[in-house]
Amino acid sequence: DKATKLPRLWLPTAAPVVPGETSWPLDAAQRRKLGKVLRLRRGDALRVFDSSMGEWLASYEEDRVLAKEQTREPKPSIPLELFFAPIKKKRASLLIEKAVELGATSLRPLKTQRTERASIQALPAPGVTTAAVAASEQSERLD
């Protein structure tokens with residue numbers, strides 16, 4: 001299937017999606033990823049997804065993405081929580097990436113006797129969210 005070879009982009013949305021009308025503005029990081037990293041040109045196809053809207057075939061339009069047709073319906077995910085002791089920042093990013101790829105819907109850090117203070121302070125880092133989004137984009141998940 002050609003659609004599965006297209007790049008995926010997570011675009012959270014609350015409003016209903018209308019083919020040919022709904023578009024999402026791209027922030028600077030998303031524009032850089034699509035234009036410079038993935039080398040998409042105006043009109044190139046990609047897939048956008050979110051747990052509430054499912055997955056949509058869309059076209060890249062420089063500063064926005066335009067919805068074309070739905071490829072996958074949204075479906076509720078089975079809740080799967082992962083409880084873990086915080087670890088060093090670089091390793092925590094890998095742990096989060098793999099947990100998301102395996103289907104974890106919630107990650108819960110636990111403070112243990114041997115948890116280091118630096119590990120706890122590193123958790124709300126922006127890289128943690130980035131790792132989870134990247135893993136979701138690569139693993140064909142909708143949430």
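The values are calculated or read from the model by the stated rules, or taken from the named source; none is laboratory data. Quick caveat, the model's predicted, so the values are computed rather than measured. A quick note on method: Cβ atoms are made from the backbone with ideal geometry, for glycine too, and the neighbour counts reach across all protein chains shown. Please note that ligands, DNA and RNA were not included when accessible areas were found on the heavy atoms of the full protein model with its side chains. Shrake-Rupley method; radii C 1.70, N 1.55, O 1.52, S 1.80 Å.
Over the stretch 42-105, average the accessible area per residue using a 1.4 Å probe and give it in Å², no decimals.
59 Å²
Quick check on packing: order 25-37, 96-108 by the mean number of other C-beta atoms within 10 Å, highest mean leading.
96-108, 25-37
Sticking with the crude label model, points 7 Å out along Cα→Cβ, report the distance from GLU116 to ARG41 in nm, one decimal please.
4.9 nm
Considering only protein heavy atoms and a 1.4 Å probe, what is the carbon-and-sulfur percentage of the accessible area of the chain?
C and S atoms contribute 55 percent here.
Applying the Karplus parametrisation 6.51 cos²θ - 1.76 cosθ + 1.60 with θ = phi - 60° to the phi angles of the stretch 130-136, what ³J(HN,Hα) value in whole Hz is obtained for each residue in order, glycine and proline being reported as x?
Result, ordered by residue: 4, 5, 5, 5, 4, 5, 5 Hz.
Grab the other residues whose beta carbon is less than 14 angstrom from that of GLY35, score K and R as +1, D and E as -1, and report the net.
+3
What distance in nm separates the simple spin-label points at LEU80 and ARG31, each placed 7 Å from Cα in the Cβ direction?
3.7 nm
Which FRET efficiency value, to the nearest 0.05, do you get for ASP63 and ASP143 by plugging their Cβ-Cβ distance into 1/(1 + (r/R0)^6) with R0 = 25 Å?
About 0.40, to the nearest 0.05.
Roughly what percent of Cα-Cα pairs across the stretch 32-143 reach past 25 Å?
So the portion of pairs separated by more than 25 Å is 36 percent.
For LYS5, give me every one of the lysines with a C-alpha distance below 28 angstrom, ignoring sequence neighbours fewer than eight places off in its own chain.
LYS33, LYS36, LYS68, LYS75, LYS98
Using modelled backbone amide H atoms (1.01 Å from N, in-plane), which distant-in-sequence or interchain residues come within less than 5 Å of LYS68's amide H?
GLY20, LEU57, ALA58, SER59
May I ask what percent, to the nearest 5, of DSSP beta bridges between residues of the chain are antiparallel?
Around 70 percent of the beta bridges assigned by DSSP in the chain are antiparallel ones.
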